[in-house]
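K.L.:
What follows is a single structure, and I will ask about it in a moment.
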Amino acid sequence: MNQTPLNAIALFVALLSGSILVGPILNIAPEIPFALAAMILALVVADTFGFQGKGMTLFLDGFARLSPQYRQRVIHHEAGHFLTAYLLDLPITGYTLTAWEALQQGGGQGGVCIETPVDFSETSAAEQVERYCTVWMAGGVAETFIYSEAEGGKDDLRQLRRTLNRLHMNVKIHERQAGNRARLMIRSNWDAYEALVQAMTDRKSVAECCQILEQHSAVAA
């Protein structure tokens, strides 16, 4: 099951427990919290199996985005993906910063979109696999530079580990190496990274973001 519905269920169980404790104090009939919980759980189940959890993702993302810090954390995370993909010459086709934008473009969560092989195979060049692994690790790495720890990136890690397992490659070694490469790339191009964060905050297009990075590359050269 998708982690989002599980988190939602845990949240609603906590709210239900709280309402049961507080209900008598506020003279709320005990049937009301249980009826509300049953309705919410039914909606979560329907969303999970009918819409792959997209409805709950939209709700939770919209709620979280009320926090300015959350919005900035998302931008810093995605800028890490964008910068490393650009530096590794991987074609960037777009980016979204909210679940709603991603849903409009056919996805379920925000993120940087890069062209990837239909399926990695054992004949894929090791260098190619490492490039994508570096990009997958870069979002969480970028977060740690700003916030000391990463809250996002769980889906990135699942994709990386699933790919490496399918190719019978050592997950721990390649994950660590990809993280180190992403860390070095972001640190070595810090001015470009900060400019990219600002550009994405201003919702510049992919072409405009790439032009900004190109200008910083020319200055560095």
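K.L.:
Where residues in the stretch 82-97 are of a type outside the set (A, V, I, L, M, F, W, C) and either modelled with pLDDT of 95 or more or surrounded by 24 or more Cβ atoms within 10 Å (Cβ to Cβ) (or both), which of them is nearest to ALA138 (Cα to Cα)?
P.N.:
The extreme case among them is THR84.
Each row is one residue, and each column tells you yes or no for (1) closer than 19 Å to TYR86 by Cα; (2) in contact with a Phe, Trp or Tyr (Cβ under 7 Å, 6 or more places away or on another chain); (3) polar (S, T, N, Q).
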| site | (1), (2), (3) |
| --- | --- |
| GLU143 | yes, no, no |
| SER148 | no, no, yes |
| GLU151 | no, no, no |
| ARG161 | no, no, no |
| LEU167 | no, yes, no |
| ARG187 | yes, no, no |
| TYR193 | yes, no, no |
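K.L.:
Just one of (1) open to solvent by 50 Å² or more (accessible area, probe 1.4 Å); (2) part of a helix (DSSP H, G or I); (3) under 27 Å from GLN69 (Cβ atoms); (4) touching a residue at least 40 places away in the same chain (Cβ under 8 Å) trips up GLU151, so point out which.
P.N.:
The failed condition is (2).
The values are calculated or read from the model by the stated rules, or taken from the named source; none is laboratory data. Computed from a predicted structure; not experimentally measured. Note: ideal-geometry Cβ built from the backbone for every residue, glycine included; neighbour counts use all protein chains shown. What goes into the accessible areas is simple: the full protein's heavy atoms, side chains included, and nothing from ligands, DNA or RNA. Shrake-Rupley method; radii C 1.70, N 1.55, O 1.52, S 1.80 Å.
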